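S.K.: I'd like to ask some things about the structure below.
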Amino acid sequence: METKPKLVNWGLAIAFLIGPILSWFLGRIYGSMVSSGFAAAYVTFILIFVFFVTGIVMVIKGFKGSK
């Protein structure tokens, strides 16, 4: 079994670094557009979940490797 370090590194970076920062930023923008703090929090939580799952899938693909 062969690992793909680029995929693992990008997956971890997306899940734990890029995802939370980008989702917070986009949530703040959306919240100020609609003037609702609850909407900002909702968008932030949804995007954090999406980015986290995307990152974890990339990490799993990187560990599985190609046959």
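The values are calculated or read from the model by the stated rules, or taken from the named source; none is laboratory data. Keep in mind that this is a model prediction, so the values were computed, not measured. Here the Cβ is made from the backbone with ideal geometry for all residues, glycine too, and neighbour counts use every protein chain on show. Each accessible area value is taken on the protein alone, full model and side chains, heavy atoms only, with ligands, DNA and RNA left out. Shrake-Rupley method; radii C 1.70, N 1.55, O 1.52, S 1.80 Å.
S.K.: Six or more apart or on different chains, Cβ under 9 Å: which pairs go from a residue in segment 1-29 that's closer than 17 Å to I56 by Cβ to one that's open to solvent by 50 Å² or more (accessible area, probe 1.4 Å) and outside any helix (DSSP H, G or I)? Could you list them?
M.R.: From segment 1-29, the pairs are K4/S66.
S.K.: Residue under question is I60, and the condition is that it be among the β-branched types (V, I, T), open to solvent by 70 Å² or more (accessible area, probe 1.4 Å), part of a helix (DSSP H, G or I) and over 28 Å from T3 (Cβ atoms); does it hold?
M.R.: So I60 does not fit the description; no.
S.K.: I'd like to check something: does segment 16-38 contain any residue that is modelled with pLDDT of 95 or more, open to solvent by 40 Å² or more (accessible area, probe 1.4 Å), closer than 25 Å to E2 by Cβ and within 16 Å of the chain's Cα centre (by Cα)?
M.R.: Within segment 16-38 (the criterion being modelled with pLDDT of 95 or more, open to solvent by 40 Å² or more (accessible area, probe 1.4 Å), closer than 25 Å to E2 by Cβ and within 16 Å of the chain's Cα centre (by Cα)), the answer is yes, since at least one residue qualifies.
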